[in-house]
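> This is the structure, below, for whatever I ask next.
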Amino acid sequence: MKDDRKLFIIIELLLAVVTVILAVILFEEQQPQTPKRISLVIQDSDASQWAALKYGMQMAAEDQDMTLFVVNTSASLTVADELDTIKDEISRGSAGIIVQPLPGSQLQDQLRQYAAKVPLILIESQTTGTSADEQTATDETAAAVSPAESLPVVEADHTGLGQALAQTILSDYNGKLTGKTIGLVISNAGSAAAQAREAGFRQALQTSGADISWTVAETDTDRLEAALPAQPQADIVAALDSRSLTTAGSCAADKNLHGAVLYGIGNSTEAIYYLDTGLVKTLIVPDEFKIGYQSLTEIAKSIKRLLYQPQSQLVSFSLLKRDNLFAKENQDLFYALSQ
Amino acid sequence: MKHRLLTSLRKIAPRGIQTTLMLAFSLIAISLMFVMGIVMYLRFYASSRQDIVSSTQKLLEQSGENLEDYLVSMRQISDAVYYNVIKEYDLTDQEQNLQTGMNLIYEANNERLRGIALYNSSGSLLTAEPVASQKEDPNVTRQDWYEQAVGEMENMHFSTPHIQNLFDDGTLRYYWVISLSRVVEVTQDGVPQTGVLLVDMDYASISRMMKQINETSNGQYYYLCDESGQIIYHSRQVQISRGLYEESNEKVAAYKDGIYDDLLNGVRRKVIVNTISYTGWKLVGVIPQPAFTQGMGSIRYFFAILILLMAMMLVIINRLVSLRISRPILKLNDSVLAYEAGQKPRIYISGSSEIRHLGRSIEASYEQIDELMKKIVQEQTDRRKSELDALQSQINPHFLYNALDSIVWMVEGGRNDEAAFMISELARFFRISLSKGKTIIRVKDELQHAKSYMHIQKIRYKNAFSVSFDIEPDIEDCCTVKLILQPILENAINYGVGDADDGQIVVSGRKKGEDLVLSVQDNGLGMSEETVRYLLTDSTRVRSHGSGVGLMNVNQRIKLLFGPAYGLEIVSEPDVGTQVIVHLPAIPYTEENRQILEQGQAAKLLDRPPIDAAATGRLPAASADGKTEADGKTEADGKEPADEG
């Protein structure tokens, strides 16, 4: 009789415990799940060059059930501002941070500290050891920190981009660049990305006989726009990033580039337009959509899986000329850029 | 292994009827509920699945109709431009009118249009709305929409979405359009010529339409492709173009309208296809398998909780039912157990008719058993009494015969005084023997009886032996079975000192603890150890002079009345003598005690197990000589005369 009562109580207790557990799970499931927020910190967040990047991130956020929050920043964003912004985003509950690192010596350590708090991934460029303000435009010695020490980064193959741009020029001139003068235009020259592009470009032209007669490196667009017409005449002008290309394109449209043939790396509709209108001879477009998509996917994986470490990735690029600009294979490139 | 498992299962199997009932009911009920739950869930799942497919199909049809309406309106715009403007005016002298007509139509539909353009057969722009500068050498004739129009002149053609690259509006922007192109007849200088009319529809309109139906969050989505599978709209079209996502658009393009099962990257999906008339475009709805189960998790948990709650209720109900069923049986069982434990409870009679019948049957059986037991006890008592009487009756005839023989012999020898003494002793002897029919008498009387007997025997044996009595006065008022010393003395005379010249018999009595010890010791021939061993136990042994029957008789009577703990003890050594010790309980002689003892209920006075219990073999019964009572009883059955005298 006692055993029977004991059995009865045990069965009832077991059923009650399972019921309570299931009720708690059901209650948890019924609660509206707010997607986790991932913050994007990029310089000049409204610039058209980020359209494809942001679209890629938006698509990845939908696929990963996350919310993308693009922090509104200006072109004059400094390292200190960037760090403050990241700090604010973490305090506002961001589950992950995607950062375009600005050149700066103190950035690396600070980012590392933030990365210990929330998953953090870099885009576009690795961190450098020198601030842009401290860096001279032609300083080739400032190297990016070694990958082993660096934070994960999703970026284009910058050296490859520089080399591809130089190869295109070589190809257009049938390899005969002896006596030709080249001017280089760079914004954010202190960034590891710009340094790698420039290094790749110079390396590819090393034996070509071309003379890189001048280099303009300005972070400020207005100063850059003012500096270009002041440069001596060059046969070729190579712009190594989207902002410098659109600035150079604008100068070319205003006929302030002294008739130089413009080549460049860019990822904005303005850059496309200048190619379409013949102001740019060849345009190399890094796949910003993929940078955005992959970086957010990596950070989302890191948020969802406790032990997952975001992986660095290199993305490809496309080479556009005026005659293949509207080819079918390039239509999707337009689609991402025009979002 | 199987055997061990079965053994283990048997060990844990419930033993109680209530547990068995509760477990059986609960298992059956829970199993049924579990099956019902699964069936209900599957039914609900199938219904929900069907609902999702139906709603998707309806949404697809509705969206298809909207899309068709939109495309029809575009065709109507194209018709309006063609029939109301281009055909109405000569391009040479009425260009302004033509431009105005086109402008009116464009402005009326500018939310949906990106531009209207008219090209001649060589691909030169004749007119366009809105007015914008044409890009340098757009090479119109090599564009798809132009080639399609010229290729099938009788039809209107819808292109896939593409960047409009004909005009430069100076905004540095590029627009996505779907081109509707057709060959038209243009009048120039009164001469009809062939031209191509292009109506560029804003892709954003279709995109918006598709985005609206793609706002579901359960994983299902819709996309639009042309008849060759080329994607017109897909929420992940950039991912698809970069290989980040896969779609079965090319396979689906071959499907007719309907619902199909599809497998993509290991994910099963339902694909619903709806063809847009005229264009041949396919509006496709995709429901991945997880979309069917989304939200079902909560339902699953809800069902599980429901089943568990019902199971809890059922276990309670089952327990109550099993209690109700098993309680009468358990109570009946308890009363039977109590009965078996020696109590005399009332047998439980209640519950269902079957249980009541069972209770009544058991009660009747127990009553019958009680009656039988009482009867057996009475029979045993009667039997014991008759045995006792029979044993006592064996004594008298022998002795009387011998005594009378001695008296005859004395009278014949002229020893009248001795004869008279003997007769008076004989009379006392018989008075005590009779004792008014009592079996239990005082020790004092028994000693007197023994003395009378010895007086008679001494006369008979001419004082060949001496006899002395050493009795503690305290024991004289204790109870004893009558006629126990006489057979012992008789044996002492016959087999001990009867034939000796200096025979000596010492009768002693004393109290030893709670017991009374009477002893008859002689210095006669004595007996071997083996003879002593069988003297009180084996009546079947051949005896040289029939010795021992009287002793066995006495031993039996003592045991019958006082219990197996009492009786005779014989100590003998050849040529030294024999001592027969009588062990009795020291019970004061009162009338009440006498009656109790004579009723065979010595245990009441002795604070020991009842005699009848011992007699029925329920209790261990060690005799004074170490043998069991059963042995004694066997001997008692073999009745022989006490003495051959």
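Each value in this text was obtained by applying a stated rule to the coordinates, not by laboratory testing. These numbers were taken from a predicted model, which means no experiment stands behind them. Ideal geometry is used to build each Cβ from the backbone, glycine not excepted, and the neighbour counts take in all protein chains shown.
> Past 25 Å, Cα to Cα, is the threshold; run B:LYS58/B:LYS251; A:LYS54/B:LYS211; A:LYS301/B:LYS270; A:LYS290/A:LYS328; B:LYS436/B:LYS559 against it and keep the listed order. The partial results should precede the final answer.
Values: B:LYS58/B:LYS251 23 Å; A:LYS54/B:LYS211 18 Å; A:LYS301/B:LYS270 28 Å; A:LYS290/A:LYS328 19 Å; B:LYS436/B:LYS559 22 Å.
Going by Cα-Cα distance, A:LYS301/B:LYS270 fall outside the 25 Å limit.
> Distance between Cα centroids, region B:192-259 to region A:234-311: provide it in whole Å.
Each part's Cα centre sits 28 Å from the other's.
> Packing-wise, with mean Cβ within 10 Å as the measure, how do B:219-231, B:309-321 rank, highest first? Mind showing how you got there, number by number?
Values: B:219-231: 19.1, B:309-321: 17.1.
Taking the mean over residues of other Cβ atoms within 10 Å, the ranking is B:219-231, B:309-321.
> Can you tell me the length gained on complete extension of the stretch B:MET373 to B:LYS211, counting 0.36 nm per residue apart and subtracting the Cα distance? Walk me through the numbers before you get to the answer.
Working: separation 162, 0.36 × 162 = 58.32 nm, distance 9.93 nm.
That works out to 48.4 nm of additional length.
> Which whole number gives the average, over all residues in A:331-339, of C-beta atoms from other chains lying within 10 Å of the residue C-beta? Mind showing how you got there, number by number?
On the way: counts 7, 7, 4, 6, 9, 4, 1, 5, 1.
Other-chain Cβ atoms within 10 Å of each residue's Cβ, averaged: 5.
> Which of the lysines could a cross-linker span from A:LYS6 if the Cα-Cα distance has to be under 27 Å and same-chain partners fewer than 8 positions apart are dropped?
B:LYS11, B:LYS331
> Could I ask something else about it? Rounded, prolate or oblate for region B:434-473? Axes are the square roots of the Cα gyration tensor eigenvalues, ordered a ≥ b ≥ c, and the cut-off for rounded is a/c under 1.5.
Working: a/c = 5.12, a/b = 1.61, b/c = 3.17.
Because a/c hits 1.5 or more and a/b fails to exceed b/c, region B:434-473 counts as oblate.
> Compute from the Cα atoms of region A:253-303 the Rg and the Dmax, the latter being the longest Cα-Cα distance, and quote both in angstrom.
In Å, with Rg to one decimal and Dmax whole: 16.1, 52.
> Let's see if you can work this out: charge +1 on each Lys and Arg Cβ, -1 on each Asp and Glu Cβ, no other charges. What is the dipole magnitude of region B:180-234 about its Cα centre, in debye to the nearest 20?
On the way: 3 positive and 7 negative charges, 47 e Å.
Roughly 220 debye, rounded to the nearest 20.
> Compute the distance in nm between two label points, each set 7 Å from the Cα along the Cα-to-Cβ direction, one at B:ARG324 and one at B:THR381.
5.0 nm
> Sticking with this one: Based on the mean of other beta carbon atoms within 10 Å per residue, what is the order of B:573-582, B:195-204, most packed first?
Descending mean neighbour count gives B:195-204, B:573-582.
> Stokes-Einstein D for chain A at 4 °C, 1.567 mPa s, Kirkwood Rh over Cα pairs, in µm²/s? Don't jump to the answer; show the numbers that get you there.
Details: Rh = 21.7 Å.
Estimated diffusion coefficient is 60 µm²/s.
> When Cβ neighbours within 10 Å are restricted to other protein chains, what is their mean count per residue of peptide B:237-246?
Details: counts 5, 12, 8, 1, 7, 11, 1, 9, 3, 0.
Partner-chain Cβ atoms within 10 Å, mean over residues of B:237-246: 6.
> A further question on this structure: With a/c under 1.5 counting as rounded, go ahead and sort region B:431-566 into rounded, prolate or oblate using the C-alpha gyration tensor (a ≥ b ≥ c being the square roots of the eigenvalues; past the cut-off, prolate if a/b is larger than b/c, else oblate).
Working: a/c = 1.59, a/b = 1.15, b/c = 1.38.
Oblate is the answer for region B:431-566, as a/c is 1.5 or above yet b/c matches or exceeds a/b.
> For the modelled label position 7 Å from the Cα of B:ASN84 along Cα-to-Cβ, which residues of region B:105-142 have backbone nitrogen atoms closer than 14 Å?
B:105-110
> Give me the lysines in straight-line cross-link reach of A:LYS87: C-alpha distance below 16 Å, same-chain residues under 8 apart excluded.
Hits, sequence-local ones excluded: A:LYS117.
> Same structure again: Would you mind giving the mean number of other chain beta-carbons within 10 Å of the Cβ of each residue in A:13-21, as a whole number?
On the way: counts 1, 2, 10, 3, 1, 5, 8, 2, 4.
Counting Cβ atoms of other protein chains within 10 Å of each residue's Cβ and averaging gives 4.
> Let me ask you something else. So, R0 is 25 Å and r is the distance between the beta-carbons of B:LEU404 and B:ASP499; what FRET efficiency does that work out to, to 0.05?
Details: r = 22 Å, r/R0 = 0.89.
Rounded to the nearest 0.05, the efficiency is 0.65.
> Along the principal axes of its C-alpha atoms, what lengths does region B:87-206 span, in descending order and rounded to whole Å?
Result for region B:87-206: principal-axis Cα extents of 38, 29, 27 Å.
> What's the angle, to the nearest 10 degrees (0 to 90), between helix A:158-172's Cα axis and the longest principal axis of chain A?
Here the helix axis deviates by roughly 30 degrees.
> Still on this structure: Per residue and in Å³, how big is the convex hull formed by the alpha-carbon atoms of the protein assembly as shown?
Details: hull volume 305.8 nm³, N = 984.
With only Cα atoms used, the protein assembly as shown gives 311 Å³ per residue.
> Taking a point 7 angstrom from the Cα of B:LEU605 along the C-beta vector, which residues in region B:556-570 have backbone N less than 16 Å away?
Those under the cut-off are B:557-567.
> Could you state the number of Å between the C-alpha centres of region A:1-74 and region B:321-379?
67 Å
> Continuing with this model, one more query. Place a point 7 Å from the Cα of B:ASN97 along the Cα-to-Cβ direction; which residues of region B:67-89 have their backbone N under 13 Å from it?
B:84-89
> Then there's this: Among rounded, prolate and oblate, which fits region B:204-332 when a ≥ b ≥ c are the square roots of the eigenvalues of its C-alpha gyration tensor, a/c under 1.5 means rounded, and a/b larger than b/c means prolate?
On the way: a/c = 4.26, a/b = 3.88, b/c = 1.10.
It comes out prolate by the Cα gyration axes.
> May I ask you to derive the FRET efficiency for B:ALA132 and B:TYR45 from their Cβ-Cβ distance with R0 = 51 Å, giving the value to the nearest 0.05? List each step's numbers first, then the result.
Numbers: r = 57 Å, r/R0 = 1.11.
E between B:ALA132 and B:TYR45, to the nearest 0.05, is 0.35.
> Quick check: the angle from helix B:17-79's long axis to the longest principal axis of chain B, C-alpha only, nearest 10 degrees?
In chain B, helix B:17-79 runs at an angle near 0 degrees to the longest axis.
> Run lengths n ≥ 4 of DSSP H only: what is the helix-derived mean residue ellipticity at 222 nm for chain B, with -39500 (n - 2.57) per run over all residues, to the nearest 500? If you can, show how the numbers build up before the last one.
Details: 19 runs with 319 residues, N = 645.
My calculation for chain B gives -16500 deg cm²/dmol from helical runs alone.
> Something else now. Can you tell me how much longer the chain between B:GLU591 and B:GLU111 gets when fully stretched, taken as 0.36 nm per residue apart minus their C-alpha distance, in nm with one decimal?
Numbers: separation 480, 0.36 × 480 = 172.80 nm, distance 13.61 nm.
The span from B:GLU591 to B:GLU111 would gain 159.2 nm if fully extended.
> What FRET efficiency would be calculated for the residue pair A:ALA80, A:ASP222, taking the C-beta separation as r and a Förster radius of 30 Å, to the nearest 0.05?
On the way: r = 22 Å, r/R0 = 0.72.
So, using R0 = 30 Å, E works out to roughly 0.85.
> Quick check: the angle from helix A:2-30's long axis to the longest principal axis of chain A, C-alpha only, nearest 10 degrees?
30 degrees
> For B:ARG268 and B:ASN66 in one chain, what is 0.36 nm times their gap in residues minus the Cα-Cα distance, to one decimal in nm? Kindly include the intermediate steps, with their values, before the conclusion.
Numbers: separation 202, 0.36 × 202 = 72.72 nm, distance 2.88 nm.
Here the answer is 69.8 nm.
> Please report the spacing between the Cα centers of region B:164-186 and region B:434-500 in Å, no decimals.
Computed from Cα coordinates, the inter-centre distance equals 155 Å.
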